[in-house]
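The values are calculated or read from the model by the stated rules, or taken from the named source; none is laboratory data. Fair warning: this is a prediction, and the values are worked out from it, not measured in the lab. Methodologically, a virtual Cβ is constructed for each residue, glycine included, from the backbone with ideal geometry; neighbour enumeration extends over all protein chains shown.
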Amino acid sequence: MRILRAAGYRVMPWKNGGGTTTEIAVSPDGAGLEDFDWRISMARVETSGPFSSFAGIDRTLSVLEGDGIMLDIAARPPARLTPASAPLPFPGDVPTRATLMGGPITDLNVMSRRGCISHTVERLPVSGEVEIRSTDGTTIILPVGGGVTVLTDTAASLRPLDALVLDQQSQKLRLQPEGHELIFVIRLRVTAANG
């Protein structure tokens, strides 16, 4: 079990140069935008425009703050995404354009390399103790609105946007939020094609 503190996240430019992204975690460690197996980041989107294209990558997007965005993803009806919406999966290598519905937003972006890693993103509103099962791959728990205490043999505290990373173990975790909180649970698994 590792805790990544929000204060230590790396800030880097978008692939298309249109803004900056805050990288929460990447695998393998230190991988760049062209050679990661998976990547979790947050971005502040201040203007409407096209998304960067990532060949062979699957993405899931969630809105953390702001009014929301409309996503125009090739061959799909436009999708409206707000902070109350379920995470939206889509291919990272098809033309995608975002239109802000109001002012700027902050989003959570999970990407994994197709045929190598698969991922799921769960948006979990909680107001009391909750039990979360980690997978045999990597499970990442990200509280958004407030702090969370991880109840294990030794209690650990997560502040907002700190990430708890569990690697290669299946176990149950008990989480106690400070109040009514929003937690994202990201599960990453090696696919059969690679494993």
| Has the range 89-98 got at least one residue that is assigned by TED's automatic domain parsing to the domain that holds Lys15, surrounded by fewer than 18 Cβ atoms within 10 Å (Cβ to Cβ), in contact (Cβ under 8 Å) with a residue 24 or more places away in the chain and of a type in the set (Asp, Glu)? | yes
| remark: When every residue in the range 161-181 that is in a strand (DSSP E or B), without any contact (Cβ under 8 Å) to a residue 60 or more places away in the chain and surrounded by 12 or more Cβ atoms within 10 Å (Cβ to Cβ) is compared, the one nearest to the chain's Cα centre (by Cα) is Glu181
| Scan of the range 60-111 for residues that are under 19 Å from the mean Cα position of the chain (by Cα), under 26 Å from Asp37 (Cβ atoms) and assigned to a loop (DSSP other than H, G, I, E, B), ordered by number | Ala86, Pro87, Gly92, Asp93
| request: Return a yes/no flag: does the range 166-179 have any residue that is at pLDDT 95 or above and out of contact with any Leu (no Cβ under 6 Å at 6 or more places or on another chain). | output: no
| query | List the pairs whose first member sits in the range 100-121 and is free of Cβ contacts under 8 Å to residues at least 40 places away in the same chain, whose second member is in a strand (DSSP E or B) and crowded, with 17+ Cβ neighbours inside 10 Å, and whose Cβ atoms are under 7 Å apart, counting only residues at least 6 apart or on separate chains? | reply | Met101/Ile69
| task | List the number of the failed condition for Leu33; all other conditions in (1) at pLDDT 95 or above; (2) surrounded by 15 or more Cβ atoms within 10 Å (Cβ to Cβ) hold. | result | (1)
| message | Quick check on the range 120-134. Is at least one of its residues outside the structural domain of Ala7 (by TED's automatic domain parsing), at pLDDT 95 or above, acidic (Asp, Glu) and assigned to a strand (DSSP E or B)? | response | yes
